[in-house]
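Here's the structure, in C-alpha cells; my notes come after.
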Protein chains: 2
Amino acid sequence: MENNLLEFDLEISRKNIVGFIRKYAKDLNRQGAVVGLSGGIDSSLVLKLCVEALGHKNVIAVMLPERDSGLKNINDAKKFAKELGVRIIYKKITGILSFIGVYSLYPPTFFFKKSFIEKYVRQKRKNLSLKLKKDLFLANLEGGSDEELSKASAFYRIKHRLRSTILFYYSELNNYLLVGCANKSEWLTGFFVKYGDSIADIMPIISLYKTQVFSLSEYLGLPDYIIEKAPSPDLIPGLVDEELLGISYKKLDLILSCFEKGYPTDRIIQISGATDEEIKKVSLYMKKSDYLREWPIRL
Amino acid sequence: MENNLLEFDLEISRKNIVGFIRKYAKDLNRQGAVVGLSGGIDSSLVLKLCVEALGHKNVIAVMLPERDSGLKNINDAKKFAKELGVRIIYKKITGILSFIGVYSLYPPTFFFKKSFIEKYVRQKRKNLSLKLKKDLFLANLEGGSDEELSKASAFYRIKHRLRSTILFYYSELNNYLLVGCANKSEWLTGFFVKYGDSIADIMPIISLYKTQVFSLSEYLGLPDYIIEKAPSPDLIPGLVDEELLGISYKKLDLILSCFEKGYPTDRIIQISGATDEEIKKVSLYMKKSDYLREWPIRL
C-alpha cells in the first residue's frame, strides 16, 4: 500500500501555517485571531497554531454550543482553551435557535438514553435513504423536494451559519482575524455548510487532509481527549463523520490524493484498498458539491 | 451628457430576469422562492420579479426588522407583500441581536427625535473621519485598528449576516430558492457586507446598476411608497446610501459604466459630470473591495 501519498513534513507544515497566520494578521492589520472552538480536532489544531503564531494573549476561543452539542466536546473545548491560556467567550446559542423555531423540527434528546437516540437517528436516516433510494449524504448535496430531507437540511445548516455570523461579530469587534477550520477532505467532498463553516477571513489548514490534521495534531502534542474521539460535526446526536460520509477518512484521503495525481482506477484500488463503488461515490461527492464552492449564481 | 450608457431595454431585462429565476428554480429542483424584504427598492423589485416568475403562491417574503429598522420601511414592506399576495414571515430579530450584545455598543434611539439622532450620527461619523483622516466608507473597506471603527463595523455587519442565516433557514426548510437582491453598483464598490447581503442561491439583479433598478421598478409599476424614498441600508438611523458612498448614484453608475468601457478620465468627467476626485474615489472603492468578492484566503 502506497500510504506515503499522505505523508508530509510535519515541521515544515507547522512553520508554513504559523507563517501564514502571522502574515495575514499583519497584512490585514488585525491585532489577533478568533477561532470558533468546538472541542473537535480541526478547531483545536487551528487554535493551537494561532497561539503559536500570535501568542495566547492575542487569541480568543469562541464557544457557541447549543442544545444538541455533545457535553464531552463542550468540556474538552473549555479544558483545552484554558490549557492554552487564551481568552474564552462562551455563549450558548440554544435560545436563538429556539426563537427561530429550529428545535420545533426535532424533539429534544436529553430525556432519552444516548444509545436510544443514536439508534433512533440511525433508523430515521436509514428509512429516509430507502425512501429516496440513495446515499443520504449525496441526497443532501443534491437537494430535492422531499419534506424530511428539507427539514433535516434546514435543521443542521443554520447551526453552522449562525456560528459564523457570531464569530465574524467577535472578530470585527476586536479587529481580529477570523480563522477558519475547514480541512481538505471536507472541502473537496462538500462535507461542510455553504456560507457556514466554510467562511472566515483565512483558512490555514485547508490544504491538509483529515488524516494529516490528525498527524499534525499528534506532532504538536494536542491532548488525547481531543485526538482520541471519532470526528463528528456535532450537530445531530450520535452522528459521526465517517458514518455520514459512508467511508473511512483513511480510504477517503487516499482516494482524494490519488485523484489529485490523476491515477487510474485500478491503481487507486490498489493504493487505497477501497472498492470500485467507494471510489465512484467519492468522485460523485466531488462533482455534486461543486456549487458549494461557488458564489451565488449570477444573471 | 452621454446618459444613454445606462439605458437598456426594460422589457428584455424583465424577461431575462424572470426566465433566469424560473430556470434556476427548475434546475435546482426548488418549489418556490424566498426573498428577504426590507421595504427598499432592490428587494421589492426582486420580490415582484419572483412573483412574476413563479406565481405569488410560491413566493415567501421574509421580513426581519430590528431595533433600528425604519418604521416606514417595515410598513412599506408589509403593505407591498400584501399587495402581491405572497406568504409573509415576519420575525423581529432585536432579541437575538440583544442577546449577542450588539445593542450594548450603541444606545437605543427611540427616546430621541429623528432629527436629533441624524444630527448625532452625522457628527459622530464626521469626528471619526477626521480622526482617521479619510473617507469613512473607505476606512470601512480598509479596516484598521481604530476601536470606534471596529465597533461600528461589528454593529452593522452582523445584522445583514444574521438575516442571511435566517433567510437560508426558511429557504431550506421549504426547499425554495433564496433569491438575493444585490445590484451592480453596490457589488462593484463593495457597498455590501461580505457573507451578509452578498450571499444567496441566485442573484437576479446583480447586472443592473442602482439607477437601472429604479428604471425597471418604475416600468414594472412598483408603488410610489417604495420608489420615492432615498435608498438606505437601514442599519443605522438616518444614514442613506448616497451619503455613505459620498456620491450620487447617478454619477456613480455613469462612472462605473465608463470604467467598463475603458474610457479615459477626461471622457468620464464629460459624461458623468463628476470631478476628478470623485472618479478616483470610485476607482479606489473598487480596488479596496476586491477581497469582499473573494472566498477566504487559503494557505
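The values are calculated or read from the model by the stated rules, or taken from the named source; none is laboratory data. Because the structure is a prediction, the values reported are computed rather than measured. Neighbour counts run over all protein chains shown; Cβ positions are idealised from the backbone, glycine included. Note: areas computed on protein heavy atoms with side chains; ligands, DNA, RNA excluded. Shrake-Rupley method; radii C 1.70, N 1.55, O 1.52, S 1.80 Å.
Go through segment A:220-245 and give me each residue that's part of a loop (DSSP other than H, G, I, E, B), open to solvent by 20 Å² or more (accessible area, probe 1.4 Å) and either without any contact (Cβ under 8 Å) to a residue 12 or more places away in the chain or within 26 Å of A:PHE112 (Cα to Cα) (or both).
Of all residues in segment A:220-245, those part of a loop (DSSP other than H, G, I, E, B) come to A:220-223, A:228-240.
In the following step, the residues that additionally are open to solvent by 20 Å² or more (accessible area, probe 1.4 Å) were identified as A:221, A:223, A:228-234, A:236-238, A:240.
Hits for segment A:220-245 are A:GLY221, A:GLU228, A:LYS229, A:ALA230, A:PRO231, A:SER232, A:PRO233, A:ASP234, A:ILE236, A:PRO237, A:GLY238, A:VAL240.
For segment A:144-181, how many residues meet the condition of being within 23 Å of B:TRP295 (Cα to Cα), over 20 Å from the mean Cα position of the chain (by Cα) and in a loop (DSSP other than H, G, I, E, B)?
Residues meeting the conditions: 2.
In this structure, does B:ILE271 turn out to be open to solvent by less than 10 Å² (accessible area, probe 1.4 Å), of a type outside the set (Ser, Thr, Tyr) and outside any helix (DSSP H, G or I)?
Values: open to solvent by less than 10 Å² (accessible area, probe 1.4 Å): yes; of a type outside the set (Ser, Thr, Tyr): yes; outside any helix (DSSP H, G or I): no.
No, not satisfied.
Assuming B:LEU5 fulfils every condition listed in (1) out of contact with any His (no Cβ under 9 Å at 6 or more places or on another chain); (2) crowded, with 18+ Cβ neighbours inside 10 Å; (3) modelled with pLDDT of 95 or more; (4) over 20 Å from B:ARG161 (Cβ atoms) apart from one, which condition is it?
Checking B:LEU5 against (1) out of contact with any His (no Cβ under 9 Å at 6 or more places or on another chain); (2) crowded, with 18+ Cβ neighbours inside 10 Å; (3) modelled with pLDDT of 95 or more; (4) over 20 Å from B:ARG161 (Cβ atoms), the one that fails is (3).
Taking segment B:79-118 as the search range and keeping residues that are among the aromatic types (Phe, Trp, Tyr) and in a helix (DSSP H, G or I), which one is farthest from A:VAL102 (Cα to Cα)?
Quick first cut of segment B:79-118, residues among the aromatic types (Phe, Trp, Tyr) only: B:80, B:90, B:99, B:103, B:106, B:110-112, B:116.
Filter once more, so that each one left must be in a helix (DSSP H, G or I): B:80, B:99, B:103, B:116.
On the way: B:PHE80: 28, B:PHE99: 17, B:TYR103: 24, B:PHE116: 40 Å.
Going through the qualifying residues, I end up with B:PHE116.
Every residue in segment A:50-78 that is touching a Pro at 6+ places or on another chain (Cβ under 7 Å) and either outside any helix (DSSP H, G or I) or within 14 Å of chain B (Cβ to nearest Cβ) (or both), please.
Going residue by residue through segment A:50-78, those that are touching a Pro at 6+ places or on another chain (Cβ under 7 Å) are A:67-68, A:74.
Scanning segment A:50-78 gives A:ARG67, A:ASP68.
Which members of segment B:24-49 meet the condition of being within 30 Å of B:SER69 (Cβ to Cβ), assigned to a helix (DSSP H, G or I) and either without any contact (Cβ under 8 Å) to a residue 60 or more places away in the chain or of a type outside the set (Ser, Thr, Tyr) (or both)?
In the first step, residues of segment B:24-49 are kept if they are within 30 Å of B:SER69 (Cβ to Cβ); the result is B:24-25, B:30-49.
Those left that are additionally assigned to a helix (DSSP H, G or I): B:24-25, B:41-49.
Correct list: B:ALA25, B:ILE41, B:ASP42, B:LEU45, B:VAL46, B:LEU47, B:LYS48, B:LEU49.
Among the residues of segment B:9-23, which ones are part of a helix (DSSP H, G or I) and more than 22 Å from the chain's Cα centre (by Cα)?
Residues satisfying the conditions are B:GLU11, B:ILE12, B:LYS15, B:GLY19, B:ARG22, B:LYS23.
Taking segment B:141-175, which residues are open to solvent by less than 30 Å² (accessible area, probe 1.4 Å) and more than 9 Å from every other protein chain (Cβ to nearest Cβ)? Spell out the reasoning first.
Going through segment B:141-175, the residues open to solvent by less than 30 Å² (accessible area, probe 1.4 Å) turn out to be B:141, B:144, B:146, B:149-150, B:152-155, B:158-159, B:161-162, B:164-172, B:175.
Hits for segment B:141-175 are B:LEU141, B:ALA152, B:LYS159, B:LEU167.
Could you list all residues from segment B:79-105 that are within 17 Å of B:ASP197 (Cβ to Cβ) and away from chain A (no Cβ under 14 Å)?
none
Are any of the residues in segment A:65-78 free of Cβ contacts under 8 Å to residues at least 40 places away in the same chain, buried (at least 18 other Cβ atoms within 10 Å of the Cβ) and charged (D, E, K, R)?
Just the residues of segment A:65-78 that are free of Cβ contacts under 8 Å to residues at least 40 places away in the same chain, to begin with: A:65, A:71, A:74-75, A:78.
Now narrow it down to the ones that are buried (at least 18 other Cβ atoms within 10 Å of the Cβ): A:65, A:74.
Checking the rest, the ones that are also charged (D, E, K, R) come to none.
No, that holds for no residue.
Taking only segment B:96-132 into account, find how many residues are open to solvent by less than 50 Å² (accessible area, probe 1.4 Å) and in contact with a helix residue (DSSP H, G or I) (Cβ under 7 Å, 6 or more places away or on another chain).
11
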